[in-house]
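Worksheet: one structure, shown below.
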Amino acid sequence: MADSGSEDIAVIGNTDLTPSESENNLKNTMVEKGTSLLKKMEISVAEAEKRTGKNAVNMQETYTVYLIETRPVDAASEGTNPVPDSLWRRYSEFELLRNYLLVAYPFVVVPPLPEKRAEFVWHKLTADNMDPDFVERRRVGLENFLLRVASHPVLSNDKIFYSFLTEENGWKETVFETGFQAKADSRLKALNATFRVKNPDKRFAEMKHYGDELQSVISQLLRVRARAADRLYGVYKVHGNYGRVFSEWSAIEKEMGDGLQSAGHHMDAYAASVDDILEEEEHYADQLKEYLFYADAVRAVCRKHELTQFELEMAAQDLISKKQQREELATGTVRTFSLKGMTSKLFGQETPEQREAKLKMLETQIEEGEELVKERKTECNEYVKSAWVDIERFKEQKDHDLREALISYAIMQISMCKKGIQVWNNAKECFSKM
Amino acid sequence: MSDPVVDNAVPSGNSSVAIPTDISGQILDLDEDDDLEVFSKGTTLTEGSSFNASMQTSPASMINQYKFEEEDADTKDIFVTVDNPESIVTAIETYVTYRVMTKTTRSEFDASEFEVQRRYQDFLWLKGRLEEAHPTLIVHPLPEKFVMKGMVERFNEDFIETRRKALHRFLNRIAEHPIFSSTDDFKIFLTAESGELTSHKKQGPGFLSRMGETVKAVAASVRGVRNRPDEFTDMQEYVEAFTQKIGSLDKVSQRIVREKKEHLEELKESGPIYTLWSQSEEELAEPLKRMAGCLDSCCKETEEQVKELNDHLIPVLHEYVLCTETLKAVLRRRDNIQADFEAKTEALAMKKADRDAESKVLSLAWDSLVGRSPEEVKQQKQQKLKGEIKEMRVELDKMEDRLEWANNALKSDWTRWQKVMRTDLRSAFVDTAERNVNYYEKCLAVWESFLHSQRTEADGNGKVDCS
């Protein structure tokens, strides 16, 4: 892992970090880890816009498009600052890209997209996809997604990804031409493997279990956080009522009037401050959500391992049974009960020519079977190797990112406390002048 | 809570003068004579100890007395505490008594320290007596008799403690009041043994007389007042507005407490989730556990904050809500005194008109039928009227005095009340603000220690490039 010491110090020492700053820290970490792509190109999702058009069933629909801007790194440093290349993409295109990556690189923990629909909302936020706050948070999430892919040692080299960033027209066709959809494992196949695999790698089994736990715990956390945000909002906003009543009361008092009036203003300020506080908390929630969805990606990698392992086991099993059959045929002994054996007992032995033919077929099958087992074994081993590398990479990234998230939450709380201290000190001064 | 609206106050048992009223004048004739010897009109009493609510003292001297007492307010010479609630169980009932301790250097007290047991009823009695004797002075409210919302038991610890504090405040306000604190009733309340107090209580005006007072009061309030002085109208308007505002403040504060409690419930759930999470992690286990610890600490601080709001701010606001009832009653009583006076003035005017009018033909005709000469009848009538008018005049003078006294008393006490209110509410809000600052400071420390731990963690792990 690249030395990220300077980021750590910067974050902790400066307690006035805004969410965008801590976001920047994360991005800088990604950029400095330095894939060749990011060394060449700056990527951002700069804007979002509403469009209307006709959809597949020829009905009018409104949707949002996002502006992807790319800019060569050198140009910026030279100070010439040319106009960036840009193109517009819909959320569904991002989904298509991700689905492609999932199939093309099954051993990679593919970065997740921001949520499709707003979940874990508290009452102030709407679950409306068209809500400007939701769109803005989604824009940030999409940019994060692109940067994560661009900073991944394997994914960043993908051509489809590159053309996603650079070619507006015809990209969809290019993706479909890869035929990735056909290569996707069916859900059923994967499930079947999960149930029947005998010797999955222990580490993957543990990792899968970890993925389950992570998902469960983060879901709980997000639910509680949403309810707590609701309550906190209530507490702060009711103080606004103090402001109103103090102001009205000051009108009927002589000496107390001034103190009351100014205290009332501070109560209003206090009530208003909750909006910023909760917006920052929303950022923390987004960071948690990313890893909620990452948990799913991890589980997908583990499931793929189970599948390859299962297929190896099936091939090996098949080979064993074929070898057994050969042995029986060669030695004439029936080791295990088989219908064929019984019928030949009942209806007489085969002719030596028949036996010869059968043996020959079996030999071929065994040869093929051994090839298949060798292939699958290699596949499985390679998969285990590369998947585990990526899982290790993911673990390090997760530990770093989540620790940063906790730190930025603490910084947020500190800022909230400082604001509270200021407001109530001011109010206290006003009250004492009552 | 209906207050015993007594417009013709009979401060009997206080060894002060009873105003001749229609009802009680006959009953307390003897007392009246005795008292007249001691308290004659025009006497200015400068000794706080023997100063009682003498209705016959001139209003002017009354004001002077008031001011004198106020200047002395800084040198407190009486200290009262209410504590030690105890449950008393008898065959008939169960009730709570409180210990009332007094320390004083005042000469009218036989000793310098007293300790007595009092129950809520006794406080109620004292309040009633003070209100009867001084209908236009403002008595600090008592905590309510019953608690309506939430089925709080009378013997619930929190309820008793809240009540005890309110009783303590009540008694202290009475002790600080220049007039109330010098009344006999107050002295007896602080010093008498339970038996003594019971027999003293029985010396009030009879039940019937009190009934009569109430009826009269209702009649009076229906009558209404004609020429209310502007300042009292202003007071009324202020009281109406203040009632609204303090009521709102009370409600807002209670709502804040409710919301904070609900926030606390959610906060309490998050710590354990972080702990649970830490069990699945390796590198992250430590910061997650610390996070859980921080959240738990913040929960404790929030609980403390809510408790303090309930213990300090809410009771004070509530008391001033109750105050508004007292204020309204005081203004009503003053109005009634004025209404009575106006009615009497009218009656006198009518009687005079009677006297000046020509003799009525009809009555003369009757009288001549009965066999009396017109001149005789006329003379008799005039005599009768003259007598009645004289009586009415005397009474009217007394009522005028009473009205003037009541108005001045109210004006002075109003100023005093406003000062006290201002002090009480100011310190309540200042304290609340300060407690909130403390709360945030404590939470700030919690989170800063978290940050610090993460920095030292990073340093310790050697991840940091210390350059």
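FYI, it's all coordinate maths here, none of it is from the lab. Note that the structure is predicted; figures quoted are calculated from it, not measured. Cβ atoms come from the backbone with ideal geometry, glycine included; neighbour counts cover every protein chain shown.
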*Mean separation of Cα contacts under 8 Å, 6 or more apart, over the residue count of the range B:81-135: relative contact order %*: 26
_Efficiency of FRET from Cβ geometry, A:S321 and A:F293, R₀ 60 Å, rounded to 0.05_ = 0.90
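Which net charge results when you count Lys and Arg as +1 and Asp and Glu as -1 among the other residues whose beta-carbon is under 12 Å from that of A:A315?
On the way: positive: A:K322, A:K374, A:R376, A:K377; negative: A:E311, A:E313, A:D318, A:E368, A:E370, A:E371, A:E375, A:E379.
Its environment carries a net charge of -4.
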*Residue among B:C299, B:I337, B:Y274 farthest towards the positive dipole end of the range B:271-428, charges placed on Cβ*: B:I337
*Would you list B:F180, B:F114, A:F161 from fewest to most Cβ contacts within 10 Å?*
B:F114, A:F161, B:F180
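Let's test the formula: R0 of 60 Å, r as the Cβ-Cβ distance of B:Q121 and B:K378. What FRET efficiency results, to the nearest 0.05?
Details: r = 60 Å, r/R0 = 1.00.
Using R0 = 60 Å, I get an efficiency of 0.50.
What pairs in A:K419/B:K442; A:K54/A:K172; A:K419/B:K268; B:K351/B:K378; B:K251/B:K300 have C-alpha atoms more than 19 Å from each other? Could you put the intermediate results ahead of the total?
Details: A:K419/B:K442 13 Å; A:K54/A:K172 17 Å; A:K419/B:K268 23 Å; B:K351/B:K378 15 Å; B:K251/B:K300 25 Å.
Listed pairs above 19 Å: A:K419/B:K268; B:K251/B:K300.
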_Net +/- balance of residues flanking B:S112 in space, Cβ distance below 15 Å, scoring K and R +1, D and E -1_ = -1
*asked:* Can you give me the distance in nm between label points at B:E157 and A:T166, each placed 7 Å from the Cα along the Cα-to-Cβ direction?
replied: 7.5
*Going by average Cβ neighbours within 10 Å, how do the peptides A:279-289, B:158-168 rank, with the highest at the top?*
A:279-289, B:158-168
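Using the Cβ atoms and a cut-off under 12 Å, what net charge is assigned to the surroundings of B:S248, where Lys and Arg are +1 and Asp and Glu are -1?
Details: positive: A:R244, B:K245, B:K251, B:R255; negative: A:E248, B:D250.
For residues surrounding B:S248, the net value is +2.
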_Quick check on the exposure proxy: order B:V139, B:V321, B:V257 from fewest to most C-beta atoms within 10 angstrom._
B:V321, B:V257, B:V139
*Is there a simple number for the mean count of other chain Cβ atoms within 10 Å of the Cβ of residues in B:252-264, and what is it?*
5
*asked:* 7 Å from Cα along Cα→Cβ at both A:E255 and B:E108: what's the point-to-point distance in nm?
replied: 2.7
*asked:* Suppose every Lys and Arg Cβ carries +1 and every Asp and Glu Cβ carries -1, with no other charges. What dipole size does the range A:121-204 come out with about its Cα centre, to the nearest 20 debye?
replied: 760
*Hey, got the average number of other protein chain Cβ atoms within 10 angstrom for residues in B:107-119?*
0
*How do A:E392, B:E193 line up, fewest other C-beta atoms within 10 Å first?*
B:E193, A:E392
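Calculate the mean, over all residues of peptide B:430-440, of how many other protein chain Cβ atoms lie within 10 angstrom of the residue's Cβ. Show your work: numbers first, answer last.
Working: counts 10, 2, 4, 12, 6, 2, 8, 8, 2, 4, 10.
Mean shielding count: 6.
Sorting check: for A:310-317, B:169-176, which peptide has the highest mean count of neighbouring beta carbons within 10 Å, and how do the rest follow? Before the final figure, lay out the partial values.
Working: A:310-317: 18.2, B:169-176: 19.9.
In decreasing order of mean packing, A:310-317, B:169-176 become B:169-176, A:310-317.
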*First check a/c for the range B:385-427, with a ≥ b ≥ c the square roots of the eigenvalues of its C-alpha gyration tensor; if it is under 1.5, answer rounded, and if not, answer prolate when a/b is larger than b/c or oblate otherwise.*
prolate
